[in-house]
Amino acid sequence: MSWNKVPGKSFLPWLILLGLLGAYNDLSGQYIGGIFVEKSDDAGTKRDGFGGELGIKVAFLPIEVFGAGAHFPAVQQDESFRVWSLGARAKIVPIPLLNPYLTGGLSLKKHVGGDSGITSSEDGYFGGIGINATLKSFKVYAESKYEVQGTSSITFRLGASLLWGRLRF
C-alpha cells in the first residue's frame, strides 16, 4: 500500500482519535478539599459556623460532586447544630476566572441540646447559586443556599479549596 493512494478523508478519523488519546487530561477529574465559614439564618436566628468539604471535579463535564459538614456552636440559649450535606455544583456559564454555578442536594441537620443532651435531626434538601474563582489548583467561592428541613433557612458560605490529583475515566 502506498501513501500516495490513501485518500485524504481517511486520515481525518485517525487524526481525531490521535488527538483524543493525546488529550487524556480532558477525560479526567480532580479531588477537591477545602474549608469554609458559613452564616445561617435558622428560624430567624443568625448563626455563624465553620466546616469542610471533600469532593470530585469532573473535567469534561461542568459538574462537581461534594460532601460537606458544618458546625454551628451553641450561642447563649441556642443549642449547637451540625449540618451534613451531599450535593453537586453545575456551572451556568463558563467565564474566564469567574464561574457562576447552581448548587443543590440533600442535607441532614442534627441539633444537640445544651444541658439536656437531647438530640434531634431533620433531613431535607437545598438549592442555591454561587460564584467561584479558580487559579490553577486553588479555588475561592461564595454561595447562597436556601435549605428546607423541618424549618427553612438561608445560608451564605465563603470558602477556599485545593484541587489535586488525577482521576482517570
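Kindly indicate whether any position in the stretch 110-123 is crowded, with 20+ Cβ neighbours inside 10 Å and of a type in the set (S, T, N, Q). There is no residue in the stretch 110-123 that is crowded, with 20+ Cβ neighbours inside 10 Å and of a type in the set (S, T, N, Q). Pairing residues of the stretch 45-69 that are closer than 16 Å to residue 93 by Cα and of a type outside the set (A, V, I, L, M, F, W, C) with residues that are at pLDDT below 85 and exposed (fewer than 14 other Cβ atoms within 10 Å of the Cβ), at Cβ distances under 7 Å and at least 6 apart in sequence or on separate chains, gives 62/94. For the condition in a loop (DSSP other than H, G, I, E, B) and not acidic (Asp, Glu), what is the one hit in 140, 93? Testing whether each residue is in a loop (DSSP other than H, G, I, E, B) and not acidic (Asp, Glu) leaves just 93. Residue 88 meets each of the listed conditions (1) farther than 27 Å from residue 45 by Cβ; (2) small (Gly, Ala, Ser); (3) surrounded by fewer than 13 Cβ atoms within 10 Å (Cβ to Cβ) apart from (3).
The values are calculated or read from the model by the stated rules, or taken from the named source; none is laboratory data. Remember, it's a predicted structure, so these values are computed and weren't measured experimentally. Don't worry about glycine lacking a Cβ; one is built from the backbone with ideal geometry, like all the others, and counts go over all protein chains shown.
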